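**Student:** First the structure, which I've put down as structure tokens, then a few questions once you've had a look.
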């Protein structure tokens, strides 16, 4: 059997790993076959009690003959005595002696024949016992030979069972454009993001995480990246908003488009006309302010345009100049009499005020392969939506201006809680990632109508995690198909129950980060060891592995039904993707600690199944005689009608 263990397989950069599939190609052979028992040892000889009974029976049968023989012997003695005493003539005495002696001899012969018959039956019984003993010995020998053969087969099956790989990688090729993850808990997202991020980073890629969940789901990934020799950059907004330089290099038109989408976050029913109107206002304002305009200057210009507050305060702080103030007043007519412009400028200023400190303390940061932008859970919900929309839209424009990558998924973007973004923002981000060949992973907490429209759209793989809502579970089961039967390992349920949730939050790193330009030599990263020592999943898996091996190898099957999707373990992921051979549906465990197990492989089940299974036995060839005999039809039914050779006229 080919060895497909992790030490003999490497992370493949053209695969996006989503978990591991539990499959037993070789079932448990069970206990070893019992050794044949010789049974109770029979008596080696004939039973003496049986011999005694036989002799007693023969004596009872011969008793009359013996009595008659004794009588005839007495008669012979009497005749002899009469002959000697001359009371009887010797001629008559001789005749009497011959008759009596003959009868006595006949009786003696009969008794002797009976004794011989008894001895013959005893010998027959002994021979029968000997034959039975020899037959039992032959049967025991055959049974031992069959037991030895069955035991050797059992040993081979047991060895294959104990050496087999039980966890196979569940991955999708990098030909897909996107992965949509529907449902799940924060702990489940943490496992999935850690797995995807770790495999992408350790295969040489770059990763950007936009965490809108406010649950610090990338905390284990950050610690894992540090152990791997990287220095991840973490922004916790809005605290780190002054040190966020995202969008600083955008042109005025792109910057105006970003700000217009940020303003639209609170208006779900906004149309393209509304966005174009806001975009026009912002473009004209940025044109007045000139290049490298900051958010502070934009909000000051919008206040002047909307006639909010005293513009002399902004002049005193140096946010705008007198010339700029005069030009702003004449952008949409003398005195800004258009009420619509005033209302929109007021709305724009009220939304963009949350970004006023953006990039005010920007510094040169060291290069990092892992970047995490998160929202502080203690900040306002609406403010976090504004910040998330800004980061997503700015990323979209940066991707649109970047050349397409030579390797798909070399740069991966993960947006956790993507259902908090507007649909048009997501559409633009999807298109930008597709054209730049950037990998995109979107996680949705619930299946809203906007999410259902985009789930799996285009060349995307879809993954379903636990869906607590009954309606969401029904939609997911219809999407996957209720006819699929999936196998769930007990280990998945055990570890998922052991990890309750995510504790703590992010710690900002950009405030202390400096680009020194020098990096010492780092030791070669060991992904399995790093996962075990630096992640909560690795520690929980190590504790769970202390249980008995047999318990951890148990599994159960279930159908993809709504109530089953509501009860999925935390790390279970149902992955569906389209291949050349058809649509695949697989159940995976996204727990990254499974990679550290001794029976885990980085190869997929379809790739290693042929190598793992033993070759089929060659078909038995039949002898020509057997073939000829089998080819003869059986002689059944009535004989055929006799041919009539007579010519009919």
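Please treat every number below as a calculation from the coordinates, not as lab data. As the structure is a computational prediction, the values presented were derived from the model and not from experiment. So basically every Cβ, Gly included, is an ideal-geometry build from the backbone, and we count neighbours across all protein chains shown.
**Student:** Contour minus end-to-end for residue 155 and residue 50, with contour as 0.36 nm per residue of separation and end-to-end as the Cα-Cα distance?
**Tutor:** Roughly 33.0 nm would be gained on extension.
**Student:** In the stretch 564-597, which residues have a backbone nitrogen under 17 Å from the label point lying 7 Å from residue 609's Cα in the Cα-to-Cβ direction?
**Tutor:** Backbone N within reach: 575-588.
**Student:** Here is a follow-up. Could you tell me the calculated FRET efficiency between residue 98 and residue 130, based on Cβ-Cβ distance and R0 = 56 angstrom, to the nearest 0.05?
**Tutor:** Given R0 = 56 Å and the Cβ-Cβ separation, E is 0.75.
**Student:** Using 1/(1 + (r/R0)^6) with R0 = 45 angstrom and r between the beta carbons of residue 60 and residue 37, what's the FRET efficiency to the nearest 0.05?
**Tutor:** Computed FRET efficiency for residue 60 and residue 37: 0.60.
**Student:** For the stretch 207-249, what class follows from the C-alpha gyration tensor (a ≥ b ≥ c being the square roots of its eigenvalues): rounded when a/c is under 1.5, otherwise prolate if a/b is larger than b/c, else oblate?
**Tutor:** Oblate shape, in that a/c is at least 1.5 and b/c is the bigger or equal ratio.
**Student:** Something else: What whole-number distance in Å separates the alpha-carbon centres of the stretch 311-333 and the stretch 95-114?
**Tutor:** After rounding, the separation between the Cα centres reads 160 Å.
**Student:** What is the stretch 48-163's relative contact order, in percent, from Cα pairs under 8 angstrom and six or more apart in sequence?
**Tutor:** Worked out over the stretch 48-163, it gives 28 percent.
**Student:** Quickly work out the residue 478-to-residue 287 label distance, labels modelled 7 Å from Cα along the C-beta direction, and quote it in nm with one decimal.
**Tutor:** So the label points at residue 287 and residue 478 sit 4.9 nm apart.
**Student:** For the residues 194, 507, what sequence is obtained by ranking on other C-beta atoms within 10 Å, fewest first?
**Tutor:** Ranking 194, 507 by Cβ neighbours within 10 Å, fewest first, gives 507, 194.
**Student:** Between rounded, prolate and oblate, where does the stretch 67-128 land on the alpha carbon gyration tensor, with a ≥ b ≥ c its root eigenvalues, rounded for a/c under 1.5, else prolate if a/b exceeds b/c?
**Tutor:** It is prolate, given that a/c is not under 1.5 and a/b is the larger ratio.
**Student:** With a 10 Å radius around each residue's Cβ, average the other Cβ atoms per peptide and rank 447-455, 29-37, 590-598, highest first.
**Tutor:** 590-598, 447-455, 29-37
**Student:** Sticking with this structure for a sec: For the stretch 252-355, what's the relative contact order in percent, using C-alpha pairs closer than 8 Å and at least 6 residues apart?
**Tutor:** 32 percent
**Student:** Assuming a ≥ b ≥ c are the square roots of the Cα gyration tensor eigenvalues, decide whether the stretch 252-355 counts as rounded (a/c under 1.5), prolate (otherwise, with a/b larger than b/c) or oblate.
**Tutor:** Here the stretch 252-355 falls in the prolate category.
**Student:** Calculate, for residue 70 and residue 120, the FRET efficiency according to 1/(1 + (r/R0)^6) with r their C-beta to C-beta distance and R0 22 Å; round to the nearest 0.05.
**Tutor:** 0.25
**Student:** Fewest to most neighbouring Cβ within 10 Å: what's the order for 531, 106?
**Tutor:** Ranked by crowding around the Cβ, least crowded first: 106, 531.
**Student:** Could you please rank 22, 390, 120, 410, placing first whichever residue has the fewest other Cβ atoms within 10 Å of its Cβ?
**Tutor:** So the ranking, lowest neighbour count to highest, is 120, 410, 22, 390.
**Student:** Label points 7 Å out from Cα along the Cβ direction at residue 163 and residue 315: separation in nm?
**Tutor:** 8.8 nm
**Student:** Consider a paramagnetic label point 7 Å from the Cα of residue 579 along Cα→Cβ; state which residues of the stretch 158-202 have an amide N under 13 Å from it.
**Tutor:** Correct set: 169-174.
**Student:** Roughly speaking, what is the centre-to-centre gap between the stretch 343-375 and the stretch 212-244 when only Cα atoms are used, to the nearest Å?
**Tutor:** 16 Å
**Student:** While we're here: Compute the distance in nm between two label points, each set 7 Å from the Cα along the Cα-to-Cβ direction, one at residue 139 and one at residue 350.
**Tutor:** Computed distance between label sites residue 139 and residue 350 equals 9.8 nm.
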